[in-house]
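Reading through the structure tokens given below for one structure.
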Amino acid sequence: MGALAGVAAVVLTIIGFPKDSPPAGAIQSGNDNVSIQGGNNNCIQCAVDRDPSSPAPPQPPPAYGAYDRIKDLTGTITVDVPAEWNSRRSNGWHASMSPYHRDVNVGPGLNAAVNVDDWIDGIMPVPGVFIGTSERMIRDGITLDRLASVFSPSGCRSGPARPYRIARLGLDGLLREWTCNGGHQWIDIALEQPDRHYLMNLQATIVSDRDRAAFERIAQSLDIRHR
């Protein structure tokens with residue numbers, strides 16, 4: 001009888017599993033709530049102990065699906081803007097800030113935004129853009145540094161100005177980006193030609209990642225045709 005018991009003990013030792021051992025092919029993590037199962041199909045399954053009622057993490061907004069090519073009334077400025085920015089003006093300098101406060105007769109200009117009135121006021125974080133060019137500023141003695149220093153939205157803080165260039169248009173200038181209390185950003189760019197035929201100003205609001213991508217599309221698609 002003692003011999004039989006000894007054989008049984010050996011058999012159990014060979015074919016048995018300790019109570020807490022993982023099944024074959026499993027990798028046990030240090031976290032009791034997570035196990036990673038491996039099978040013949042190389043599938044890895046993670047079981048995480050969490051509250052099923054907790055909300056899913058927020059997803060970033062989708063990229064703008066369509067763009068419109070728009071121009072100002074004089075045909076000087078042409079650019080691509082998101083089709084959703086369908087509140088637009090094309091008759092001059094409807095800028096958030098400029099050396100000529102609320103004067104639209106500074107030169108050719110256009111706006112596109114979700115709501116242009118709210119965008120110009122700058123109170124609400126509204127995606128949008130303004131682009132304007134001006135020969136009048138040159139005649140009036142406005143310098144690039146002066147144009148670059150005008151923009152200063154309330155409740156926002158600015159990073160240092162840095163050089164900015166649109167090589168294919170022969171424009172060089174300064175870019176300053178502002179971070180605002182609402183979590184959005186303003187971009188302000190002042191540019192000039194080497195022969196100072198005109199100055200250009202570009203102002204844009206960045207409310208989400210897709211607005212950042214829209215700004216890049218605007219800068220790449222911009223065309224200026226001064227007569």
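The values are calculated or read from the model by the stated rules, or taken from the named source; none is laboratory data. Quick caveat: nothing in here was measured; it's all calculated off a predicted structure. Every residue, glycine among them, receives a Cβ derived from its backbone with ideal geometry; neighbour counts consider all protein chains shown. Only protein heavy atoms, including side chains, enter the accessible area calculation; ligands, DNA and RNA are left aside. Shrake-Rupley method; radii C 1.70, N 1.55, O 1.52, S 1.80 Å.
Once the C-beta distance of residue 105 and residue 225 is scaled by a Förster radius of 25 Å, the resulting FRET efficiency is 0.80 to the nearest 0.05.
Sorted on the mean count of surrounding Cβ atoms within 10 Å across their residues, most packed first, peptides 65-77, 181-193 read 181-193, 65-77.
Between residue 208 and residue 140, the simple spin-label model (points 7 angstrom out along Cα→Cβ) gives 3.7 nm. Semi-axis lengths, largest first, of the ellipsoid equivalent to region 51-191 are 30, 19, 15 Å, with √(5λ) applied to each eigenvalue of the Cα gyration tensor. For region 78-158, the per residue solvent-accessible surface stands at 44 Å², with DNA, RNA and ligands left out and a 1.4 Å probe. You can think of it this way: the chain between residue 68 and residue 115 has 15.3 nm of extra reach, that is 0.36 nm per residue less the Cα-Cα gap.
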